[in-house]
Amino acid sequence: MALCRYLPTPSDRMGAIWSLLSIKDAVVLEYGPAGTTHYSVSLFSSMGVSPDQNLFCTHMSEDDVIMGDVTRLEDALTEIDENYTPKVIFVIASSVSSVIGTDIKGVCRYMQNEVNAKLIPVETGGFKGDYTVGMREVYGLIEQHLIGKTGSAPKTYNILGASPSAYRIQSDLWELRTLMQQSFGYTLGGILGMESSVDTLASLGNAEINLVLRAEALPAAQKMQEKYGIPYVYGTPYGYEGTEIWLKEISEKIHVPLSDAIKAELAERRDTAIHFKMYARMYRAPKAAVMADYDTLCGFMQLLREICIEPTLCACPHSLQHIENADTSIVVFENERMQIDAFKKLNQHLVFADEISLHLCNDSNTKVCVSFPLVYHGQIARHLPLMGIRGTDHILESVDTYYRRLD
């Protein structure tokens, strides 16, 4: 890990754990020392993820490391199974157990006969890449071991890739539910990545369509299409025009027309937003910068272009190696020093970013928090989305503030 002044990019292990903690009736057991697990807990709490009674650590002694003794792991599995009776135990490797080459899969294989819970090994010890690698791997494991089809559920949809690591995700989920109900009369079947249970995941194959919010969930959506014939739409509804495009794509996949009420609401909102395009011409070259996870970043780029603002800096905090046809204008900083320099140079920009990046910007900029990590505040409200119609309403208030500051 490179030297950092602020916070390092979370590893694949971290992304895997926060994605698994949202599953009710399941337990995450990390085979490693207590210190690494304790460090994780503070981050999960800032995301609104409670690790209470579903995140455990085996502890490891020096003898365990030197001798490769897995007795603690075996004992922990039987103890958790007896005392908490989870339906699933995810056994995840820590950095220490990964370094010494502990055969997590092998232990789960022979211990499966000793416990009632289903054992699923997760071999992400923090060395495979950043958090998006861990999320992708976990979504794949859930699809392989837990997702199934128990029947059919007409007029339902799933959301794949909703993650606690997305800022304002609870508000965005509220907005997506509202849009799908008002647009098509569809209700939510289940979510891959948040607010799920073992039983809910087992029935995700019943839905009519999957809405994929992140690239990390695309492989799972593609597998579900192969197995259960469920079509999917990949993308996020940012901006009024972007929301309409997203809804029309869903309409084509489910063969249900978009409701007249939503059409009228979107048309009205687009009309009221025309003056933002006028402002862009008046100020000739309004300047914006965005730093966020890839799909959020692409959504904000689309929204800004909708109101005639071309971002001068578009940066992503994670690798794009698994993103097909990634936008070549997006910057991935090679080190933290480059990020610090880039944001310190911004002047009179509208900046959408995490709180560390915003902290680096001087006060001539208009700053809006849209991503993690958070440092100066927590998330409480669940009615302030970034996506959809109400999300665009919310964002345009910040754009209006930016233009007023330029006067």
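If a residue has to be in a loop (DSSP other than H, G, I, E, B) and open to solvent by 100 Å² or more (accessible area, probe 1.4 Å) to count, how many in region 323-339 make the cut?
Number satisfying all stated conditions: 4.
For His275, work out the one condition from (1) at pLDDT 95 or above; (2) assigned to a helix (DSSP H, G or I) it doesn't fulfil.
The number of the failed condition is (1).
Does Glu195 meet the test of being without any contact (Cβ under 8 Å) to a residue 40 or more places away in the chain, buried (at least 17 other Cβ atoms within 10 Å of the Cβ) and acidic (Asp, Glu)?
When the stated conditions are applied, Glu195 does not pass them.
In the list Glu324, Glu268, Glu244, Glu336, which residue meets the criterion of being among the acidic types (Asp, Glu) and within 19 Å of Phe372 (Cβ to Cβ)?
Glu336
Please go through region 310-322 and give me each residue that is at pLDDT 95 or above and aliphatic (A, V, I, L, M), ordered by number.
Leu313, Ala315
Do we find that Leu146 is among the hydrophobic types (A, V, I, L, M, F, W, C) and crowded, with 23+ Cβ neighbours inside 10 Å in this structure?
no
I need a count of the residues in region 161-183 that are open to solvent by less than 10 Å² (accessible area, probe 1.4 Å), under 21 Å from Glu244 (Cβ atoms) and either in contact (Cβ under 8 Å) with a residue 40 or more places away in the chain or over 18 Å from the mean Cα position of the chain (by Cα) (or both).
7
Looking only at residues in region 113-129 that are modelled with pLDDT under 95, within 21 Å of Glu143 (Cβ to Cβ) and open to solvent by 20 Å² or more (accessible area, probe 1.4 Å), which one is nearest to the chain's Cα centre (by Cα)?
Among those residues, the one meeting the criterion is Gly129.
The values are calculated or read from the model by the stated rules, or taken from the named source; none is laboratory data. What you see is a predicted model; the values in this text were computed from it and never measured. Heads up, the Cβs are rebuilt from the backbone with ideal geometry, glycines too, and the neighbour counts pull from every protein chain shown. Just so you know, the surface numbers come from the protein's heavy atoms only, side chains and all, with ligands and any DNA or RNA stripped out. Shrake-Rupley method; radii C 1.70, N 1.55, O 1.52, S 1.80 Å.
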